[in-house]
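Asks: One structure, pasted below without further comment.
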Amino acid sequence: MHLSTFLQVIVNGLLIGGVYALVSVGLTLLFGVVDIVNFAHGEFLMLGMYTTYWAWYAMGMDPILTLVISMPVMFLVGAVVQKFLFKYIMGAPALTQIFLTVGLQFVLQNGALMVFGPQLRKLKTGYSDQAVHLGTVNVSAPQLIAFAITITLSVLLFLFLSRTDLGKAMKAAQQDKHTAALIGINTDRIFWIAAGISAALTGAAGTAISTYTPVAPTSGAAFGLMAYITVILGSLGNLKGAVVGGLILGLAESFGIQYISADAGKLLSFSIFILVMLVRPQGLFATKESV
């Protein structure tokens with residue numbers, strides 16, 4: 001009985017952590033390549049959730065299939081924001097970046113509140129309440145799908161950055177944009193593509209989360225907070241660190257809920273984060289290269 005409970009806690013933690021990882025990968029890519037911390041990241045997630053909701057509601061699409069809509073839509077959002085906002089604060093003092101992205105956060109959140117209203121909206125599918133039984137361990141089907149999306153997109157992103165010319169150009173621009181420009185890399189193009197991919201990944205996270213989390217203008221706020229903590233824990237700009245950091249926080253939250261109290265999940269996650277920052281303030285996976 002105790003072993004099965006322990007295994008259930010591990011599985012729950014990995015599923016929670018997988019979602020945190022997926023939410024964080026987009027934020028990590030943006031910081032690693034464009035060198036901007038986007039405090040509106042949670043609101044990008046919320047836009048992805050609404051995109052999935054309306055595609056499901058209006059066209060009857062399976063929420064997971066709406067990835068073919070939410071990712072391109074959010075890619076355009078990220079590219080436009082980079083071209084008309086982020087471009088002008090690259091290299092600016094951190095306080096300037098914070099003020100602009102926090103302002104964008106309020107605009108997006110209140111804009112969604114004005115357009116969609118404050119009510120919670122829920123997607124209902126044939127697998128919403130289903131679970132996969134692995135012996136004595138029960139795995140929520142929507143969360144398992146979200147975890148599978150996390151692994152798939154993370155692997156594809158790593159392959160893209162390491163195996164393609166565009167991905168290598170992103171790494172070069174991240175390391176030294178002036179030298180990259182001298183060797184013929186169009187850094188402006190690289191930055192808006194990176195911002196678009198970052199937003200597309202965040203939109204995918206919104207799609208995955210919307211299968212079991214109510215959709216509302218404030219839905220992205222809590223996940224945005226966990227994304228910031230995750231990327232700092234894993235080291236700013238380190239994609240592998242974001243994935244591992246997300247899994248660590250998910251496991252901590254699951255153990256806190258099971259063995260301390262229902263309200264202690266986030267408390268234990270934050271405590272581990274603070275402890276790591278005291279011992280290793282640069283994060284767990286700090287390296288010379290970000291992405």
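Asks: How would you order 126-138, 10-22 from highest to lowest mean count of nearby Cβ atoms within 10 Å? All intermediate terms of the calculation are to be shown ahead of the outcome.
Replies: Numbers: 126-138: 12.1, 10-22: 23.5.
Per-residue Cβ counts within 10 Å, averaged per peptide and sorted highest first, yield 10-22, 126-138.
Asks: Taking amide H positions as placed 1.01 Å from N in the peptide plane, with prolines and chain starts having none, which residues 5 or more places from Ala131, or on another chain, fall under 5 Å of its amide H?
Replies: Placed amide hydrogens put Ala141 under 5 Å from Ala131.
Asks: Between Leu3 and Ile274, what is the FRET efficiency for a Förster distance of 41 Å, r being their Cβ-Cβ separation, to the nearest 0.05? Kindly include the intermediate steps, with their values, before the conclusion.
Replies: Numbers: r = 31 Å, r/R0 = 0.75.
The value I calculate is 0.85.
Asks: Something else about it: Taking only Cα atoms and a 10 Å spring cutoff, compute GNM fluctuations for the chain and point out the largest among Phe39, Phe116, Phe255.
Replies: Highest fluctuation among the options: Phe116.
Asks: Using a Gaussian network for the chain with springs between C-alpha atoms less than 10 Å apart, which of these wobbles most: Ala195, Ala205, Ala94?
Replies: The residue with the greatest mean-square fluctuation here is Ala94.
Asks: Test of understanding: ordering Leu7, Leu249 by Cβ neighbours within 10 Å, fewest first, what list do you get? If you can, show how the numbers build up before the last one.
Replies: On the way: Leu7 14, Leu249 28.
Result, fewest neighbours first: Leu7, Leu249.
Asks: Sequence neighbours fewer than 8 away in the same chain don't count; with that in mind, list the aspartates and glutamates whose C-alpha is under 19 Å from Lys124.
Replies: By straight Cα distance, Lys124 reaches Asp62.
Asks: Residues of segment 14-56 with backbone nitrogen within less than 14 Å of a virtual label 7 Å along the Cα-to-Cβ line of Leu134, please, listed as ranges.
Replies: 14-18
Asks: Here's another thing I want to ask about it. So if R0 is 35 Å, what FRET efficiency would Val80 and Gln282 give, r being the distance between their Cβ atoms, rounded to the nearest 0.05? Can you show the working numbers first?
Replies: On the way: r = 33 Å, r/R0 = 0.94.
Here the calculated transfer efficiency is 0.60.
Asks: Another question about this same structure. Give the lysines whose C-alpha is closer than 16 Å to that of Lys177, dropping any in the same chain fewer than 8 places away, or say none.
Replies: Lys87, Lys168, Lys288
Asks: Can you put Lys83, Lys124 in order, fewest other beta carbons within 10 Å first? Before the final figure, lay out each step's value.
Replies: Details: Lys83 15, Lys124 9.
Listed from fewest to most nearby Cβ atoms, that is Lys124, Lys83.
Asks: Sorted from fewest to most neighbouring beta carbons within 10 Å, what does the list Glu43, Glu253 look like? Please list the in-between numbers first.
Replies: Working: Glu43 27, Glu253 24.
Arranged by neighbour count, lowest to highest, Glu43, Glu253 become Glu253, Glu43.
Asks: Mark the label point 7 Å from the Cα of Ile183 along Cα→Cβ and return the residues of segment 147-168 whose backbone N is within less than 13 Å of it.
Replies: Taking a point 7 Å out along Cα→Cβ of Ile183, the residues of segment 147-168 whose backbone N falls under 13 Å are 165-168.
Asks: So for segment 86-210, considering every pair of alpha-carbon atoms, how many percent are separated by more than 21 Å? Walk me through the intermediate numbers first.
Replies: Working: 4744 of 7750 pairs.
Summing the P(r) tail past 21 Å for segment 86-210 gives 61 percent.
Asks: Per the helix-only calculation at 222 nm, which mean residue ellipticity applies to the chain, given -39500 (n - 2.57) for every DSSP H run of n ≥ 4 and division by its residues, nearest 500 deg cm²/dmol? List each step's numbers first, then the result.
Replies: Numbers: 11 runs with 204 residues, N = 291.
-24000 deg cm²/dmol, from helical runs alone.
Asks: So which aspartates and glutamates pass the test for Lys266, namely a Cα distance under 18 Å, with those fewer than 8 places away in the same chain ruled out?
Replies: Within the straight-line cut-off, Lys266 pairs with Glu253.
Asks: May I pose another question? Explain nothing, just compute: Karplus ³J(HN,Hα) = 6.51 cos²θ - 1.76 cosθ + 1.60, θ = phi - 60°, for every residue of segment 257-274 in order, whole Hz, x for Gly and Pro.
Replies: Working through the residues one at a time gives 5, 6, 9, 10, 6, 4, 9, 9, x, 5, 4, 5, 4, 5, 5, 5, 4, 4 Hz.
Asks: Follow-up question, since we're still on this one. GNM on the chain, C-alpha springs below 10 Å: top fluctuator among Pro118, Pro93, Pro63?
Replies: Highest fluctuation of the listed residues: Pro93.
Asks: Assigning unit charges at the beta carbon (Lys, Arg +1; Asp, Glu -1) and nothing else, what dipole magnitude in debye, to the nearest 20, does segment 2-279 show about its Cα centre?
Replies: Values: 12 positive and 9 negative charges, 67 e Å.
Dipole magnitude for segment 2-279 comes out near 320 debye.
Asks: Based on the Cβ-Cβ distance from Ile10 to Ile151, what FRET efficiency comes out when R0 is 22 Å, to the nearest 0.05? It would help to have the intermediate numbers written out before the result.
Replies: Details: r = 16 Å, r/R0 = 0.75.
Efficiency, rounded to the nearest 0.05: 0.85.
Asks: Which ³J(HN,Hα) values in Hz, rounded to whole numbers, follow from the phi angles of segment 183-189 under the Karplus curve 6.51 cos²θ - 1.76 cosθ + 1.60, where θ = phi - 60° and Gly and Pro get x?
Replies: For segment 183-189, the Karplus-derived couplings read 8, x, 7, 7, 5, 4, 5 Hz, x marking Gly and Pro.
Asks: Tabulate in residue order the Karplus-calculated ³J(HN,Hα) for segment 71-85, using 6.51 cos²θ - 1.76 cosθ + 1.60 with θ = phi - 60°, rounded to whole Hz; enter x for Gly and Pro.
Replies: Coupling constants for segment 71-85: 5, x, 4, 6, 4, 5, 4, x, 5, 5, 4, 5, 5, 9, 10 Hz.
Asks: Can you check what the net charge comes to around Met90, using other residues whose Cβ is under 15 Å from the Cβ of Met90 (Lys, Arg +1; Asp, Glu -1)? Intermediate values should be presented prior to the final figure.
Replies: Numbers: positive: Lys83, Lys87, Lys177, Arg189; negative: Asp35, Asp176, Asp188.
With Lys, Arg at +1 and Asp, Glu at -1, the net is +1.
Here, each number is a calculation from the coordinates, and none is a lab measurement. In this text the structure is predicted, and so the values were computed from the model without any measurement. Here the Cβ is made from the backbone with ideal geometry for all residues, glycine too, and neighbour counts use every protein chain on show.
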